[in-house]
Structures are given as structure tokens and as C-alpha cells.
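Okay, structure first, notes after.
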Amino acid sequence: MSIRISKEACVGCLACTRVCPGSLIKEKDGKAFIKYDRDCWGCASCVKECGFGAIDFYLGADMGGNGTVMNVSEHGDLLLWKVTRPDGTVRIIEVNGKNSNKY
Ligand code: SF4
Ligand code: SF4
């Protein structure tokens, strides 16, 4: 499995359901869930689309591994990439959306 969706954080906007190239994300009771998680190939489209930090992406061994996850949330022009390690330590990477495509 490459992602997990937090029921608590999901606001049911369904943006993630529209961008998954495999149509793997469905909706039930106003919340998104991944139906066939073994079919997810980790393209991260849904993670980038969810501005509510509800989708955690499991990082590979070269990026932390061992259950380390990353999600993104929007705060105005800022995107906050939050990396959470299995021991609970958190690292936030700030990306200014206005500058990110400058180069
Ligand atoms: S984009 Fe995020 S908040 Fe919207 S339905 Fe998907 S998981 Fe929920
Ligand atoms: S990571 Fe890509 S393939 Fe996997 S659920 Fe998200 S959008 Fe679909």
C-alpha cells in the first residue's frame, strides 16, 4: 500500500477521487477511502491534490522507509509537506506555491 486516508482529516471534497489514474479512491458516507490499495502504484497525485493533509504517502526506503509517511496541506500560498517518522518525530517542509514554478 502506498497511501492511507485519514477519516478524521478528510472533508469529503472528493478531489482525490478525480485525479487517481486507476480510479482506486471511492467515497462512502462523505469520506474518501481507497478500495483496492494493493493496486496503488504510488503516483502521489491524490496526495498533491488533497489540501487537507488527509492522505499519507508511505515513503520508500531511500526516503526514510519503515512506515515514514508524508502528506501535504495548503495554507494560503504555502504548501506544508509534513514528514512523520514511525517514532512520531515530524519534519515540516514549506514550499511557497508562488515561487515553486519559477525556475
Ligand atoms: S482530497 Fe482529501 S479531503 Fe478531499 S476527499 Fe480526498 S482525502 Fe478527503
Ligand atoms: S497514489 Fe496515485 S495510484 Fe495511488 S491512490 Fe493516489 S492517485 Fe491513485
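For the reader, a short list of remarks on this structure follows.
- Failed item, numbered, when ALA9 is tested on (1) assigned to a loop (DSSP other than H, G, I, E, B); (2) away from ligand 1 (no atom under 12 Å from the Cβ): (2)
- The stretch 19-31, subset without any contact (Cβ under 8 Å) to a residue 24 or more places away in the chain and either of a type in the set (Val, Ile, Thr) or not in a loop (DSSP other than H, G, I, E, B) (or both), residue most open to solvent (accessible area, probe 1.4 Å): LYS28
- Odd one out for GLU49 among (1) more than 9 Å from ligand 1 (Cβ to nearest atom); (2) modelled with pLDDT under 95: (1)
- Of everything in the stretch 50-103 that is assigned to a strand (DSSP E or B) and of a type in the set (Asp, Glu), the residue that is farthest from GLU8 (Cα to Cα) is GLU94.
- Residues that are at pLDDT below 95 and farther than 24 Å from GLY65 by Cβ within the stretch 22-46 comprise just one, LYS35.
- Screening the stretch 36-70 for residues that are loosely packed, with under 13 Cβ neighbours inside 10 Å and in contact with a Lys or Arg (Cβ under 9 Å, 6 or more places away or on another chain) and picking the one that is farthest from SER6 (Cα to Cα) gives ASN66.
- Within the stretch 12-30, the set of residues being aliphatic (A, V, I, L, M) and within 10 Å of ligand 1 (Cβ to nearest atom) comprises LEU14, ALA15, VAL19, ILE25.
- Test: TRP81 is within 14 Å of the chain's Cα centre (by Cα) and within 20 Å of LYS7 (Cα to Cα): yes
The values are calculated or read from the model by the stated rules, or taken from the named source; none is laboratory data. Here the structure is a predicted model, which means the values were calculated and not measured. Glycine also receives a Cβ, built like all others from the backbone with ideal geometry; neighbour counts cover every protein chain displayed. These area figures cover heavy atoms from the full protein model, side chains too; ligands, DNA and RNA do not enter into them. Shrake-Rupley method; radii C 1.70, N 1.55, O 1.52, S 1.80 Å.
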